[in-house]
Each structure stands twice: as C-alpha cells, then as structure tokens.
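See below for the structure under consideration.
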Amino acid sequence: MTKNLAALLLVILSVPMATSSESRFAPKSTANYAQLFRQQQQSLQENVPIPVFVLVGQSNMVGHGILSEINESTGQEKNATLKWLATNVPEQFGMLLEDDGDLYHIVTTNHDDGTSLRRWGSIGKMNKSKVTQPIQNTKWKTRRDVLVACNSRDVDDASPHTTDHGKLRAGFCAGDPGQKDQQFGPELGFGWAVGDALSNYWSGDQSKALLLKIAWGGKSLAVDFRPPSSSGEVGPFYTSMIAIINNTLTDISNIFPDEAGRSFQLLGFAWHQGWNDGCDDEMAKEYETNLENLIRDVRKDLHTPNLPFAIAATGMVGYTEQPERRREVIQAELNVSKYPEFDGTVVSVDTRPFARDPSPASPTDFIYHWNSNAESYWLLGQNLGRSIMNIILDRQMVNDKAVVVD
C-alpha cells in the first residue's frame, strides 16, 4: 500500500454509504473527498473527519485498574499496578510515563516502498536506571492526538450528557466518582492502539480520534441496557447511551472548541459487560439474543448499518471452574461474531488469557474487577482497539482498490 493510497483510504473510510435515514454526522459524498485528496495532498490531515469510537459497558468499562498503591506491610508498590509495570517492564509500559526528554520518543521506521510507520517506543540504548528506580510523583503521559469524553456519574444517574472531556492519559475518565486519577480502564489501551494505528495515516499532534466512554457499574444487558428489539421494557441505560452519543456529537464544537470546524464520524463500538447477567440463570440464557439485538439496534438508532463492533468477553475468571451461567454468557459473547449477518463487521475478543492471579500477584482479590490488575485492563483495551482497527482496515481494500466503509 502506498503512502498516498493509505491516506486516501482513511478519508474514504470515514464516509458512509447513503441510507434512507442518513446520519447527520456523515459526510455526503465520497467523490468530494477523493477530489480533495488529489488537490490537497499536503494538507489532507486538516480535512479528515475525526474518527469516533464508542466504549460501553458496566464497571469494568468504567475501569478499576489501579495506577499506584503501596503495600502497607512492605512499604513497596503493590504488584501489577500501572506504576509497578512502568517501573519493572519499561520496554512495554514506560511510554505511558511523561517523556523524560530522551528515553521515549516517536519512532519512525521508513520502508523501502516509501511508506513509514510511526509509533511510540525507545531509541538507542535504554538507560534502565531512569525507570527501574522507584518512580516518585508519577506523571502520566498525555496523548495530544486522542480525545476522550465520558459520563463519570453515580451508578444510578442516567443523565444523557457526558461530564468530563479532555485528552487521553492514565487515570482520566476512569474509576467511580471519588476515584479520580486513581484508576483506569480499557480506554487507555484502546486509545493507544487506535492512536498508534491512525498515526500511520497522517502525522502531527492534532487530534486523530475521539473516545466516547459510556459506562455505569452494576448494570445488566437483560434489564438496564435492554435493547428495543428484545421483548419487554427498553433499558433506561440503553436509552441514555444513545442520547449521550447523539448529544455529544451534536455539541462537539462546544465540548472541544479547539476542534471547531472539523467534522466527526462514528467508526467503531466496543462492548465490555456481562458480569451482572452471569449472576442470574435467566439473564444468562437470554444473553446471546439480547447481545445480537443490541448490535442491530445500536446500528439502527445511530444510522450506521455496518458500524464495526468489538465484543470483549467477561473473562476475568480465566479458565478456572465457574458456574454454568457465567460460561453461558462468555460463549454468547464469542458466538455473535460468527453470525453470517455480522461477518466482517463484528469481532469477539476472548479475554480469558488476560486474567491474572489475585493478591499478592495483583493489587486486589476483586476477581469481578480483574483483581484490579493493570496488565489485564491494558491488554483488554489494546485488543479491543486493535480488533476494531482490523475490521476497519480489512474492509478498506478489495482487489487493491479503496472501498467505502459505511
């Protein structure tokens, strides 16, 4: 793929095919974008709609991975906090720390075909003494190219608006109210995954993605998020979720005034939920039906008929023995991506390999919150983000020709 074609693909990627009820956030014509690409190759990034990725779920989407916490009995950092990972595994997690000036940088790899790959990484010999010593007053790196908006509210507050808006960094838009800058969720790994992927298409520090995170703790798909196509009363948090998405994108220029004049385009939906449904036999039995209805209804209500979906299974218990109802929910989450109607647009992520042992190997023994293990939450977000991007990129090329992704 040439560099110019890659750039053109990103533009066309953002344009949906016309439908009878077209999204008000959708550009109307692919031809205009192709012409724009030819005429303004050097300033293409200034005209590309910002991709929007919606992340939805219950408490594990809210995020309870611990940033930093001291073990009172040893006086040392607890195992598998994010600070512990950045200290002890700097080659994988050191880039999450504020740049010290010469350890972590943007690495550009130039290929023979004229393309280049841009990523965060280390340059030259790593001076591990800078990061393997105890990190005091940890300052987490802010990604200037990834915007985040979220509804940081109490579990029963279904108000249809976001509360927090800013740029991606560890601790932002995560944890329950009162836990600000103490915890993180899948948004961190997700944002780094899509941000790095999109950096390969255009350069600069301008915003390349918006994560819209909508989550409440303790919510079921059977009741709280119940979609319209399932029989019974529509879940109040489903209704609120759709309203939050519409309200946020309608008011985007006020929420992010620095992006005034740029358009936004829904490009993906990530789902991580299921613990509460796994607590009840009847909820577990209908989970697969409710999940397939959720996918269809979200697409219908947002006027995006083939919106890419990534479903993260509730795999926090790993492969250990657990009640049949929990196994049933996991299997349902893995099954929906195999439906012929969802082929190429829905992917399931088996998260059971991301489970880690409880305390002392992890910060806590809260198994329903991945034992608060930072690695688990990071892997969860990274794999959701990469799965979404794989759907998007796989659908860009047909016989080496760009196609519209609706």
Checklist outcome for this item: Probe 1.4 Å, all chains present, heavy atoms only: His165 accessible area in Å², nearest 10, is 70 Å²
Checklist entry - Using a 1.4 Å probe on the protein chains only, how many percent of the accessible area of segment 242-358 belongs to carbon and sulfur? => result 47 percent
Checklist entry - Out of segment 160-268, which trypsin sites (Lys or Arg not before Pro) are coil in DSSP terms and have no more than 16 other C-beta atoms within 10 Å? => result Lys180, Arg262
Checklist entry - What pairs in Lys83/Lys139; Lys83/Lys141; Lys208/Lys338 have C-alpha atoms more than 20 Å from each other? => result Lys208/Lys338
Item to check | 5 angstrom amide H check on Glu77, placed H, neighbours 5+ away | outcome: Asn71
Item to check | Across Lys180/Lys213; Lys167/Lys213; Lys78/Lys219, pairs whose alpha-carbon gap is larger than 20 Å | outcome: Lys78/Lys219
Checklist entry - With labels modelled as points extended 7 Å from the Cα through the Cβ direction, what inter-label distance (nm, one decimal) is found for Glu72 paired with Gln179? => result 1.9 nm
Checklist entry - Each label point is 7 Å from the Cα along the Cα-to-Cβ direction; what then is the distance between the points at Asn247 and Gln322, in nm? => result 3.3 nm
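Within segment 174-264, which GluC sites (Glu not before Pro) sit in a loop by DSSP and count at most 15 neighbouring Cβ atoms inside 10 Å?
Loop-located and lightly packed - Glu233.
The values are calculated or read from the model by the stated rules, or taken from the named source; none is laboratory data. Remember, it's a predicted structure, so these values are computed and weren't measured experimentally. Backbone-built Cβ (ideal geometry, glycine too); neighbour counts: all protein chains shown. Remember, those area values only see protein heavy atoms, side chains included, never the ligands or the DNA or RNA. Shrake-Rupley method; radii C 1.70, N 1.55, O 1.52, S 1.80 Å.
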